[in-house]
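Taking it in order: structure first as structure tokens, then the write-up.
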Amino acid sequence: MKKLRVLIVALIAAVLGSYFVFDLERFVSLAFVQSQLGVLQDFREENFALSAAIYFLVYVVMAAFSIPGALIMTLLAGALFGLLWGTVIVSFASSVGATAAFLLARTLLHDWVQNRYGALLEPINRGIRKDGGFYLFTIRMVPLFPYFLVNLLMSLTPIRAGTFYVASQLGMLLGTAVFVNAGSELARISSLSGLVSGPVLFSIALVGVTPLLARLIVAALQRRKLARRYGKPRKFDVNAVVIGGGAAGLVSSLIIAGAKAKVALVEKHRMGGDCLYTGCVPSKSLLRSGHVKQLIDNAREYGLKDAGAKVDFPAVMERIRNIIARIEPHDSPERFTSLGVECVAGEAFIESPYAVRVGGRTITTRTIILATGARPLAPPIPGLDQVDYLTSDTVWNLESLPGRLLVVGGGPIGCELSQAFGNLGAKVTQVEMAPRIMAREDPEVSELMSERFRSQGIELLTGHRVARFGRDGESQFMEAEHGGKMVRVEFDKVLLALGRKPNVEGFGLEELDISLTAAGAVEVNSYLQTSVPNIFACGDVAGPYQFTHMASHQAWFAAMNALAGAWRKVSYKAVPWATFTDPEVARVGLSEEEAKARNIEYEVVRHPLKMHDRALADGANEGFVKVLTPPGKDRILGATIVGQHAGELIGEFVLAMTHGMGLGKIAAATHIYPTMLEANKFAANAWRKNHLPHWVFPWLEGHFRRQRK
Ligand SMILES: Cc1cc2nc3c(=O)[nH]c(=O)nc-3n(C[C@H](O)[C@H](O)[C@H](O)COP(=O)(O)OP(=O)(O)OC[C@H]3O[C@@H](n4cnc5c(N)ncnc54)[C@H](O)[C@@H]3O)c2cc1C
């Protein structure tokens, strides 16, 4: 084997060496080919078979040794042999040559690469073993991928040589025909101006649409493969089955019904999902009660004497239930049925990409949309099973306010609930492993919020890694590691807010071998299509953003793509979010930290709320509006707002970013006085001020001085 490798290296060196030493490059230039076209055509007239054989051999050698010039050679085939024969000859020559290149590279490199990087390459190897021929076919269909690179890279994988040959020949056929066709037109061109003649342009345009055709063919082949594998029914009960009746499922089923397609929405628990029952709605309602309590506690600041309030916790929880009850009808089976959605109560199990079982009933369907959401993460921390822990699912069942509440997690949910319970009178300790809370935002946001939390009596333990939970008689405790020491915190209740795990288990995804991301979410492409092409996913189960508004946003794309074949890429152009603490924290686009991490050049403008009229009037003058733009330009890269109603204020930047409006447009719009919204305009004005044409001022000064004389 070693000798063979040495021989191959010597052969490659000899061929490539002669190519460069003898300047053989000139023979594969357009000018040379055109200058010799007459001679070559005469030879072909007299000796078709011989000329075809010589051409074939030269092409194979060039492809085998990755010698540049495949394009010119292909065009020449069109000029010499015409569309049909040219395509046949090039198709075989390029496939044989590519396979030779593949085998040479495999002999030289495959074992070395696999021995060295095998573990790293395992996911790729698995994919190639399963669908390698198909992947290669897809890549070959797109003439943008350099052929020699494809040969080389595929040689490093476990794909079989026979599969490589067949997939290459089929995949390159269309592109080959298009280039050969272009070549048959080139044969009639005597000058460069001829290159832009109509037929040639048409041929080249054909090359341009090849990727699109390729996509359609690939999609059709995928559908066929799926149909064969799972036995596609002749008729379907519905056009789509949507699994999960949270924000993502509700919106996608409404869109499908709105398009007059038949849709079945399967929900195993309550329509409305997490947002309505355990997420956005109860958390915002609880925060409101806490905020009112906090305002009353601070009534003196507003010139109000003797104000006071006692927290009636069951009444607070009753209020939350009432609010949910008022929203519930919007998401109810009755409403959705009236809007044309078939609501099916029960747990869905995907039997095949065309059949979903609910209870004893099997619903056949053309497509499936996964909208099964996520659930709170409860990692296996030692001793966790010994304590009565709460999550965002169960905290709403509390009947009395915990005296000492330990909140584990410094993300948005942990922060909102810490502040809400703290404002209502619980003694809250919040633990976070990272050095700061709200770590997704810029450090100045975390700093401001930490100060605020501490001033409200919340004990913040950042940089503390929870090591274990335990019980000591009646008392429950947590021990966290901090700077090499153990810190112990006793609590009455502990709330875990450590992130949310996508619901992907137990309803048939494993059996279909649907790919998951490293984070455990369903892997989707930019059409929200899973690894099974007629199954789409949206919302928390797919991510990457676990917000209700993103679930609804994705739902539109998932529904449209499920109905009409993957055609609209989901857009994440201006994704906003807010943490509804007091003050609120809202963001769209890049933070300063992200811009730095991604080496994106930026400028920052900022409007602090300290002296903002409306913020002062409301006694809520903590915070700022901060906007990132590219240097010298007013295009908005990102905006962060900390302040009261930040979640509303950010909307102006979302609109501007979505429609490509810069800070100049925000500055030019009239904002009502006195509002918090004006803070956006002042930030935009700050940008304008920084970019005034200062060179003009001395001239203006002189001009106006002269006017006064
Ligand atoms: C405390 C908290 C506060 C939050 N606050 C906000 C906020 O202020 N703003 C915001 O944008 N987001 C917020 N979120 C996030 C928001 O709730 C989620 O992003 C949103 O609910 C996701 O919607 P979804 O449709 O993807 O999933 P879900 O709402 O979880 O719905 C999934 C549904 O699928 C059902 N299901 C699962 N498996 C099956 C099956 N096999 N068969 C049938 N049915 C099934 C479940 O029963 C569930 O009803 C908050 C979350 C929490 C926990």
Legend entry - Semi-axes of the equivalent ellipsoid for segment 537-576, Cα gyration tensor, largest first, Å: 17, 11, 7
Inset, instruction - Choose one of H703, W687, G643: the residue whose Cα lies farthest towards the positive end of the charge dipole of segment 620-709 (beta-carbon charges +1 Lys, Arg; -1 Asp, Glu; about the Cα centre). - result: H703
Inset, instruction - Give the accessible surface of segment 614-695 per residue, rounded to a whole number of Å², with probe radius 1.4 Å and ligands, DNA and RNA excluded. - result: 46 Å²
Inset, instruction - Provide, as a two-decimal number, the C-alpha radius of gyration of segment 581-709 over 2.2 N^0.38 Å, N being how many residues it has. - result: 1.20
Inset, instruction - Over segment 257-331, with every protein chain in place, what whole percent of the accessible area is carbon and sulfur at 1.4 Å, could you tell me? - result: 52 percent
Inset, instruction - Roll a 1.4 Å probe over the protein heavy atoms and report the accessible area of T658 in Å², nearest 10. - result: 60 Å²
Inset, instruction - Excluding residues fewer than 8 places away in the same chain, name every one of the aspartates and glutamates whose C-alpha is closer than 15 Å to that of K262. - result: D237, E342
Legend entry - For segment 576-591 and segment 287-363, distance of Cα centres in Å: 22 Å
Inset, instruction - State log₁₀ I(q)/I(0) for segment 360-497 at q = 0.14, 0.20, 0.21 Å⁻¹ as given by the Debye formula over alpha-carbon point scatterers of equal weight, solvent excluded. - result: -0.65, -1.23, -1.36
Legend entry - Within straight-line cross-link reach of K284, aspartates and glutamates at Cα separation under 15 Å, skipping those fewer than 8 residues along the same chain: D274, E318, D393, E416, D582, E584, E648
Inset, instruction - With a bin width of 10 angstrom, please list the P(r) values of segment 251-322 as percents of all Cα-Cα pairs, from the 0 bin to the one holding the largest distance. - result: 16, 29, 23, 15, 11, 6, 0
Legend entry - Euclidean distance of C-alpha centroids, segment 411-432 and segment 366-384, integer Å: 23 Å
Inset, instruction - Can you send over the carbon and sulfur percentage of the accessible area for segment 587-709, probe radius 1.4 Å, protein chains only? - result: 57 percent
Inset, instruction - Would you compute, from DSSP H runs of 4+ residues alone, the mean residue ellipticity of the chain at 222 nm, taking -39500 (n - 2.57) per run and dividing by the full residue count, rounded to the nearest 500? - result: -16000 deg cm²/dmol
Inset, instruction - Set Lys and Arg Cβ to +1 and Asp and Glu Cβ to -1, take the dipole of the chain about its Cα centre, and tell me which of G506, A595, H482 lies farthest positive. - result: A595
Legend entry - 0 to 90° range, to nearest 10: angle between helix 696-708 axis and the chain longest Cα axis: 60 degrees
Inset, instruction - Just read off the accessible area of W699 with the full protein assembly in place, 1.4 Å probe, to the nearest 10 Å². - result: 150 Å²
Inset, instruction - Can you grab the distance from the C-alpha centre of segment 538-572 to the C-alpha centre of segment 479-523, Å, no decimals? - result: 24 Å
Legend entry - Cα Rg, Dmax (largest Cα-Cα span) when computed across segment 638-695, Å: 11.8, 39
Legend entry - Stokes-Einstein D (µm²/s) once Rh is taken as the Kirkwood radius of segment 569-619 over alpha-carbon pairs, at 20 °C in 1.002 mPa s: 155 µm²/s
Inset, instruction - Please compute the net charge surrounding T581, taking Lys and Arg as +1 and Asp and Glu as -1 over other residues with Cβ under 9 Å from its Cβ. - result: -2
Legend entry - Efficiency of FRET from Cβ geometry, V292 and T670, R₀ 25 Å, rounded to 0.05: 0.15
Legend entry - Accessible heavy-atom area order of D472, D618, highest first, probe of 1.4 Å: D472, D618
Legend entry - Dimensionless Rg/Rh of segment 1-111 - Kirkwood Rh, Rg from C-alpha atoms: 1.03
Inset, instruction - Counting only heavy atoms of the protein chains, get the accessible area per residue of segment 322-453 (1.4 Å probe) and round it to a whole Å² value. - result: 42 Å²
Inset, instruction - Over the alpha-carbon set of segment 323-371, work out the extent along each principal axis and list the three values in angstrom, largest first. - result: 39, 19, 19
Inset, instruction - From zero up to wherever the largest Cα-Cα distance of segment 589-663 sits, split into 5 Å bins and tell me the percent of pairs in each. - result: 4, 16, 24, 23, 18, 11, 4, 1, 0
Inset, instruction - Leaving ligands, DNA and RNA out of it, rank M661, M486 by accessible area with a 1.4 Å probe, largest first. - result: M486, M661
Legend entry - J(HN,Hα) series, segment 511-522, from Karplus relation 6.51 cos²θ - 1.76 cosθ + 1.60, nearest Hz, glycine and proline x: 5, 7, 6, 5, 5, 10, 7, 4, 7, x, 8, 5
Legend entry - Viscosity 1.306 mPa s, 10 °C: Kirkwood-radius Stokes-Einstein D of segment 495-612 over Cα pairs, µm²/s: 94 µm²/s
Legend entry - H330-T517 FRET efficiency (beta carbon distance; Förster radius 30 Å; 0.05 resolution): 0.40
Inset, instruction - Quote the convex hull volume per residue of segment 6-67, based on C-alpha atoms, as a whole number of Å³. - result: 84 Å³
Inset, instruction - For segment 48-148, take the alpha-carbon Rg, divide it by the Kirkwood Rh, and send me Rg/Rh. - result: 1.07
Inset, instruction - Would you list which aspartates and glutamates come within 18 Å of K2, measuring only between C-alpha atoms, while excluding same-chain residues fewer than 8 positions from it? - result: D111
Legend entry - Reciprocal mean inverse distance between Cα atoms of the chain - Kirkwood radius, Å: 30.8 Å
Inset, instruction - Measure nothing fancy, just the Cα-based angle from helix 646-658's long axis to the longest principal axis of the chain, in degrees from 0 to 90, nearest 10. - result: 20 degrees
Inset, instruction - Restricting to the chain, compute how many DSSP beta bridges are antiparallel as a %, nearest 5. - result: 60 percent
Legend entry - P(r) of segment 379-438 over all Cα-Cα pairs, binned every 10 Å from zero, in whole percent: 20, 55, 25, 1
Inset, instruction - Mind pulling the angle between the C-alpha long axis of helix 280-297 and the longest principal axis of the chain? Nearest 10 degrees, somewhere in 0 to 90. - result: 40 degrees
Legend entry - Heavy atoms of I296: accessible area, 1.4 Å probe, square angstrom to 10: 50 Å²
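The values are calculated or read from the model by the stated rules, or taken from the named source; none is laboratory data. Since the structure is predicted, the reported quantities are computational estimates derived from the model, not experimental observations. Neighbour counts run over all protein chains shown; Cβ positions are idealised from the backbone, glycine included. The area values use the complete protein model at the heavy-atom level, side chains included, leaving out ligands, DNA and RNA. Shrake-Rupley method; radii C 1.70, N 1.55, O 1.52, S 1.80 Å.
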